[in-house]
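Novice: This is the structure I want to talk about, given as structure tokens.
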Amino acid sequence: MIFLGPPGAGKGTQASRLSDACGVPHVSTGDILRTAVSAQTELGRKAEHYMNAGELVPDNLVLDLIRERLTEPDAQSGWILDGFPRNVPQAEFMDQLLAEISQPYDFVINLEVPDEVIVARLLSRGRKDDSQEVIENRLQVYREQTEPLIEFYRGRQKLVSIDGNRPMDTVANDLQSLVRA
Ligand code: AMP
């Protein structure tokens, strides 16, 4: 499963809950990158200033990371991707990679949440890249680079839109019904 949706839509929360319920790993490129930044690995050092500015980290840094993660043993019977793909080149890479490793995806979830709700949620979260200025940039980056993926996946008939502006448990129940159906 792939989660799309703007920053603050609840992708991380929902992906993590579903991962526990289904027993498949939750793969968050944001979490992997934040861990790399904390550990000051080469990847972390290269990624840090893009993340702090709310820009996407360059594709070449992210593509290797996702290939490695999806070929690990625990990802062989499924995964829930949160934060990847983030632009059309990443989605095209994913199509190729999944064909190569013979792993299909079943659903692309578009978690829909209005802008004003997103900004309020992000401001209350207090992460380093959640200042007002950086939030605005992340939303703009989302609109320009990530939102076009909605059409990309609609064309592949895998897209399911879910209203993310409801209580967490209600959204989680909808998602569980979807995977069980
Ligand atoms: P997230 O936790 O998904 O909101 O990601 C936090 C930050 O990590 C983003 O603002 C980007 O700077 C970076 N990031 C996460 N996933 C990707 C990706 N797939 N491509 C490029 N940058 C990413």
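Novice: Whether any residue in the range 60-72 is away from the ligand (no atom under 12 Å from the Cβ), closer than 26 Å to residue 173 by Cβ and open to solvent by 50 Å² or more (accessible area, probe 1.4 Å) is what I want to check.
Specialist: The answer is no; no qualifying residue exists.
Novice: Since residue 90 meets every condition but one in (1) modelled with pLDDT of 95 or more; (2) exposed (fewer than 15 other Cβ atoms within 10 Å of the Cβ), which condition does it not meet?
Specialist: All conditions pass for residue 90, except number (2).
Novice: Search the range 150-164 for residues being surrounded by 14 or more Cβ atoms within 10 Å (Cβ to Cβ) and not in a helix (DSSP H, G or I), and hand back the single one that is modelled with the lowest pLDDT.
Specialist: Step by step, filter the range 150-164, then rank; the result is 158.
Novice: What tally of residues in the range 52-105 results from selecting those that are of a type in the set (A, V, I, L, M, F, W, C), over 16 Å from residue 28 (Cβ atoms) and not in a helix (DSSP H, G or I)?
Specialist: 1
Novice: Among the residues of the range 120-148, write down those that are within 11 Å of the ligand (Cβ to nearest atom) and part of a helix (DSSP H, G or I).
Specialist: 122, 125, 134, 135, 137, 138, 139, 141, 142, 145, 146
Novice: Here is a follow-up. Name the single residue, out of those in the range 33-59 being more than 8 Å from the ligand (Cβ to nearest atom) and β-branched (Val, Ile, Thr), that is most open to solvent (accessible area, probe 1.4 Å).
Specialist: Taking the candidates together, the pick is 35.
The values are calculated or read from the model by the stated rules, or taken from the named source; none is laboratory data. Treat the numbers as computed from the prediction; the structure is a model and nothing was measured. Glycine also receives a Cβ, built like all others from the backbone with ideal geometry; neighbour counts cover every protein chain displayed. For accessibility, only protein heavy atoms count, side chains too; no ligands or nucleic acids. Shrake-Rupley method; radii C 1.70, N 1.55, O 1.52, S 1.80 Å.
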